[in-house]
Structure formats: C-alpha cells, structure tokens
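Here is the structure we will look at, set down as structure tokens.
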Amino acid sequence: MMKRIVLTFILSLLALGAYAQNRMSSAEISYLYNQQNEFLVQHKIATSGNKVKVYLRFILNSGSVRISDYRLSYDIRTSYIDEKNINSAVRIDSSNVVDVDFRQYVYLFEFEKDQNEKLLVIDVYNATKNKHYNLDIPLSLEEWKPTPFLIFEVNKNIPYFTNYINKDYPVRIMNPFNGDANYEINGVVNNKAVSTPPFDDIKRDKPSDVPLDTLYGVNNGEEFRFHNEGYFTIKSPTEENSSLGIVVTDEFHPYFENYLNLMSPLIYISTNDEFKAMQSDEEPRNGFEAFVNNVISSNEVVAKDFIKYYYRRVRKSARLFSENKEGWKTDRGMIYQIYGNPTQVFRNESTELWVYPSSSGGRVRFIFDIVLEDGVVKHKLIRGKKFRESWMLAVTQWRSGRIIE
C-alpha cells in the first residue's frame, strides 16, 4: 500500500510540472486515449537478442494538420527516471517510411540496445504548435519482452496493428529477423469475465482455461485464418520463452451481429434484475428496446444519442484496450466506458494513473497495476470502496440520458 501511495505522489508531482523536461518519472499519455486527437499512433515492436525493430503507424486525424507539421525522433533509456542524454535523439524521417495510405504513414526503424536499456521514448513534436508528445514503449517488463515475430498483413509488409483479429481475416506470422521460423498456435475459449465496478474489491476465482479443439501449424509468412473465436497463443519451437497472444472475435466486432450481443455492454449501467430481464426476453430486440426506452429515455432523439455514444465508446475500447478479452470488458475499458477520456494519464514501469475531474471540485484517480498474468501484460485496477459514490453518479448520468463526453 505504501508503494502505491508513493507512486501516486510521484505521478502527481509530475502533473504539477515538478520535474525537468528531460526527466520522466512517468510518461503523460492522455492523448493516446483521445480518439479525437490531431493524430493517432500505434506501434508494434519485435526483438531478437539485442536487436530491436519498431513499426510505428502515424495517422493524421485532423484536416488541419499535415505530415510536414511533425518531427519524430526517439531515444533509449534505462528507466522512466533516467535522464535523456544530450544529443541522444535519433530522427525518424521519410527514409523510414515503409508504407503510405490515405493520411497514414508506417515508419520502420531499428537499433541495438544494451542489456540495461529497457525503455524506448518516441518524441512527436508539432512544430507549428511547439508542442511535444511522448510515446513510451517498454523494451522489457519483469519476465516479459517483445517477441521476435509479429502478426502481419497479407497484402502489405507491415504488422497488423489492432490488438484483436476478426475470425476468418487473413494474416501472416512473420519474423523480420529469421525467415525460416515456424509456429504453433493454440487457443482457449474466451471465457474471461467482464470487469466488476471499481468499488467491488471482492476477490473472485478466475475461470479455468478451456482449450479449443484446434491447433494451427504455420510457416513464416504463410497466409492463414483463425476460424474460431477465442484467445490464441503463438509460439515458435526455435524461440524459447517467447509467445505472442491475440484475442480473436466474431467477424462483426466491434459492432454487433444481434440484439442479444448488443445487450452485453449494458451490464455496466443496468441492475442485475434489469440485465436478466433483457436477456430472458423471448425477442431480444424487444428486451433491448425496453431497457433503452424505459430506463434511458422514451424520447427518440435522446435514446438514439445514447446508443450512438455508448456503443461508439465500445468500439474505441476495442482498439485501445483489448488484452486477452475484448477491450470494453477490461478494467481500463470499463472505466473508459463510463467516464470517457481521462483528463490526464501517467505511466511508469509498473503503474498507470488516470485522472478525472470530480463533480465535488476535486479529482478522481484510478490506478492500474501493470502486471504479467498468464503470459499477458495486463492493467489491473486497484479497487476500493471510495469509488462507489463517483461510479454511481456517473452511471446515473448515463441512465438519465446524459452523455458523458
């Protein structure tokens, strides 16, 4: 508990500007979760020994910006509290571009790192606004490190950047360091529970893994498709202690094929009785519409706005927070679903802190422990009874047809 208090204090100091610009007790990354930001950025990283390859997807997300507005560079550090060395930044420019699409650019750069170098920091500088954005990319975490292989697109020699795959979508597994690799892919049923509210700190047993009756064996660069939904682990016999996980969803995700599935995210804003009533209705559409019209609003405009904004946030969570289950089911996805974009986000090796304004004039802070669990890097919310009032107020707003944006 004392460690968490100290971490929160340090992160709060950073928010107040108590540290020099070149020192990071953590990275302020709230822009990553704002899907209306002027640009969006995604990355995939592969490592083999001390060799590192980084693929960076940079998307111009506003008509008012151009790629020439930005200067990208990176430096490598031993930790978040390590100071950036003078003249250590390496420029990322047009010579690093390996793919161009409509207002999208994929950069590839590579380097060799020392054993004690554990953090890659990318600086995105908007020269017209004189504003810097930092992107922190761990090169290792506890017993985890990036794999030497990645999931690639079929028609382009670039990674598949999304953290989930729709079943039957064609992909390839590729090792950019070793073209002779081969892989075994095993899956388990995606039976992980939806996250519980932030004030519910009761420990619950995790569901047992239920193996899928399927096994894929593929060669490097060979096209294949996942034909089943679930959580899949990719391993190579030649790469010990290295595995890559991916959640495979139905072909419609993050949209919904039917009303029964459409009900699922409403678990966060419905009572147990309301949720059971929806699911037990003989006609799922009637159950869904009854909840929206009777609980949210009978006003057609308000009801449609609720559906538009609530489920748009589900789609955003898919891109932002998918881990070993769909993004909206995760701890971060749950908080994002109800509270929206955090005002501030600070991250270090072991902790991520989200800050929201409070209706009482203060702030609501959610802390996520970054842990390795079942081979998956996860963000686990530190729950507490103190969140009950804030959560119930936010849920009540949704239930009253007031959109939290």
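Scanning the stretch 78-104 for residues that are at pLDDT 95 or above, closer than 27 Å to Glu349 by Cβ and of a type in the set (Lys, Arg) yields a single hit, Arg91. Do you know which residues across the stretch 179-208 are among the charged types (D, E, K, R) and in contact (Cβ under 8 Å) with a residue 60 or more places away in the chain? Lys192, Asp200, Asp201 - these are the residues of the stretch 179-208 that are among the charged types (D, E, K, R) and in contact (Cβ under 8 Å) with a residue 60 or more places away in the chain.
Every condition in (1) touching a residue at least 60 places away in the same chain (Cβ under 8 Å); (2) closer than 25 Å to Leu119 by Cβ is met by Gln337 except one, and the failing one is (2). If I ask for residues that are touching a residue at least 40 places away in the same chain (Cβ under 8 Å) and buried (at least 16 other Cβ atoms within 10 Å of the Cβ), which ones from the stretch 303-314 would you list? Within the stretch 303-314, Ala303, Asp305, Phe306, Tyr310, Tyr311, Val314 qualify. Which members of the stretch 175-208 meet the condition of being aromatic (Phe, Trp, Tyr) and either part of a loop (DSSP other than H, G, I, E, B) or open to solvent by 60 Å² or more (accessible area, probe 1.4 Å) (or both)? Across the stretch 175-208, the qualifying residues are Phe177, Phe199.
Picking from residues in the stretch 22-81 that are touching a strand residue (DSSP E or B) at 6+ places or on another chain (Cβ under 6 Å) and part of a helix (DSSP H, G or I), the one that is surrounded by the most Cβ atoms within 10 Å (Cβ to Cβ) is Tyr31. The single condition among (1) more than 26 Å from Tyr339 (Cβ to Cβ); (2) out of contact with any Asp or Glu (no Cβ under 9 Å at 6 or more places or on another chain); (3) among the acidic types (Asp, Glu); (4) in contact (Cβ under 8 Å) with a residue 12 or more places away in the chain that Glu251 does not satisfy is (2). The requirement of being more than 28 Å from Tyr80 (Cα to Cα) and not β-branched (Val, Ile, Thr) is satisfied by Pro207.
What residue, of Phe291, Phe232, Phe226, Phe321, is open to solvent by less than 40 Å² (accessible area, probe 1.4 Å), farther than 28 Å from Ile335 by Cβ and of a type in the set (Phe, Trp, Tyr)? Break it down stepwise before answering.
Working: Phe291 fails: farther than 28 Å from Ile335 by Cβ; Phe232 fails: farther than 28 Å from Ile335 by Cβ; Phe321 fails: farther than 28 Å from Ile335 by Cβ.
Answer to the check: Phe226.
Considering only residues that are touching a residue at least 60 places away in the same chain (Cβ under 8 Å) and either open to solvent by 40 Å² or more (accessible area, probe 1.4 Å) or in contact with a helix residue (DSSP H, G or I) (Cβ under 6 Å, 6 or more places away or on another chain) (or both), which ones fall in the stretch 133-163? Across the stretch 133-163, the qualifying residues are Tyr133, Asn134, Pro138, Glu142, Glu143, Trp144, Lys145, Asn163. For the stretch 250-306, the set of residues classified as under 29 Å from the mean Cα position of the chain (by Cα), more than 27 Å from Gly230 (Cα to Cα) and not in a loop (DSSP other than H, G, I, E, B) consists of Val292, Ile296, Ala303, Lys304, Asp305, Phe306, listed by residue number.
The values are calculated or read from the model by the stated rules, or taken from the named source; none is laboratory data. Since this is a predicted model, take the numbers as computed values, not measurements. No Cβ is skipped: glycine too gets one built from the backbone with ideal geometry, and neighbour counts run over all protein chains shown. SASA here: full protein model, heavy atoms, side chains in, ligands and nucleic acids out. Shrake-Rupley method; radii C 1.70, N 1.55, O 1.52, S 1.80 Å.
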